[in-house]
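Read through the structure below, which is laid out as structure tokens, and then see the notes.
The values are calculated or read from the model by the stated rules, or taken from the named source; none is laboratory data. The model shown is predicted, which means the values in this text are computed figures rather than measured ones. No Cβ is skipped: glycine too gets one built from the backbone with ideal geometry, and neighbour counts run over all protein chains shown. Surface accessibility is based on the protein's heavy atoms, side chains included, excluding ligands, DNA and RNA. Shrake-Rupley method; radii C 1.70, N 1.55, O 1.52, S 1.80 Å.
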Amino acid sequence: MLSFEGSEGCGKSTQIRLLKERLENEGREVVVLREPGGTEIGESIRHLLQHAKEGHSMTPETELLLFAASRAQIVREKIRPLVERGVVVILDRFLDSTTVYQGHARGLPLDAVNAINRFAIGGTLPRLTLVLDMDTTLAWQRIHATGRELDRMENQPPAFFEKVRQGYLALAAAEPDRIQVIDASAAPEAVHEAVWEKVAARLA
Ligand code: TMP
């Protein structure tokens, strides 16, 4: 079980797709799960968090608990059974997103965030977490260049994403064995090679 993390615009979806294809070419069964979401309950929570009109008045505390609720469900309904079957599970965000977005960026107390995270995952931790790191301004420009309508999170000011970035770097420094940082500013193929090196070493 691996997780990918990073701020908006870092190229996470592309990297997850490239890694899935490569692992499948090697004969492995791979399932990608998306956070928040990935279960029926989780997709409803995702809608509330990202698009629903009533989400606009959401407090940071509610936001934290909704992300944790979605995760508690996916861990028990999907992740654990897949891992037990020997499937490689790639998580598009996991507990570190909560630590960084709700803790470091929204400013909720980290001890509360960590306790809620621990309760939600119940000991199910990724063997490897890859943080796709890039300059915040560049990532911001990438999202805005898409021209599509931005969701509640993507509409945060650049300072918010700088806190997200610094939060990830602090986590990686605190847990260097599990959390590894990858420079995501290079071309997608080059970033993929860096991802592959770390994943292959961990799966070996
Ligand atoms: P994404 O799936 O497109 O990356 O969007 C998910 C958004 O939700 C993204 O802005 C990060 C945010 N998020 C949190 O704030 N906390 C969390 O725990 C998770 C999983 C995501």
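Assorted remarks:
- Filter pass, Gly27 being modelled with pLDDT under 95 and either among the β-branched types (Val, Ile, Thr) or closer than 15 Å to Val87 by Cβ (or both): no
- Residues of the range 131-153 classified as more than 14 Å from the ligand (Cβ to nearest atom) and assigned to a strand (DSSP E or B), total: 1
- Filtered residues of the range 27-55 (kept if more than 16 Å from the ligand (Cβ to nearest atom) and in a helix (DSSP H, G or I)): Glu40, Lys53, Glu54
- Residue within the range 139-147 that is in contact (Cβ under 8 Å) with a residue 60 or more places away in the chain and closer than 16 Å to Thr98 by Cβ present: no
- Elements of the type helices (runs of 4 or more DSSP H) sitting completely within the range 56-126 and holding at least 1 residues that are basic (Lys, Arg) and open to solvent by 40 Å² or more (accessible area, probe 1.4 Å): these cover 80-84, 110-121.
Matching residues to (1) among the hydroxyl-bearing types (Ser, Thr, Tyr); (2) at pLDDT 95 or above:
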residue: Leu108; (1), (2): no, yes
residue: Leu130; (1), (2): no, yes
residue: Ala139; (1), (2): no, no
residue: Thr146; (1), (2): yes, no
residue: Glu154; (1), (2): no, no
residue: Ala172; (1), (2): no, yes
residue: Val199; (1), (2): no, yes
residue: Ala204; (1), (2): no, no
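- Candidates in the range 12-26 are the residues that are within 11 Å of the ligand (Cβ to nearest atom) and not β-branched (Val, Ile, Thr); of these, the one that is surrounded by the most Cβ atoms within 10 Å (Cβ to Cβ) is Lys12.
- Among (1) more than 25 Å from Gly107 (Cα to Cα); (2) over 15 Å from the mean Cα position of the chain (by Cα) - the single one Ala184 does not satisfy: (2)
- Filter result for Gly42 (under 18 Å from the mean Cα position of the chain (by Cα) and more than 25 Å from Arg76 (Cβ to Cβ)): no
- Residues that are of a type in the set (A, V, I, L, M) and open to solvent by less than 50 Å² (accessible area, probe 1.4 Å) were ranked within the range 40-55; the one that is farthest from Asn114 (Cα to Cα) is Ala52.
- Checking each residue in the range 168-186 for being within 15 Å of the ligand (Cβ to nearest atom) and among the hydroxyl-bearing types (Ser, Thr, Tyr) picks out only Tyr168.
- Subset of the range 154-167 [under 21 Å from Val181 (Cα atoms) and within 10 Å of the ligand (Cβ to nearest atom)]: Phe160, Phe161, Val164
- With respect to the stated conditions, Val191 fails to be in contact (Cβ under 8 Å) with a residue 40 or more places away in the chain and open to solvent by 10 Å² or more (accessible area, probe 1.4 Å).
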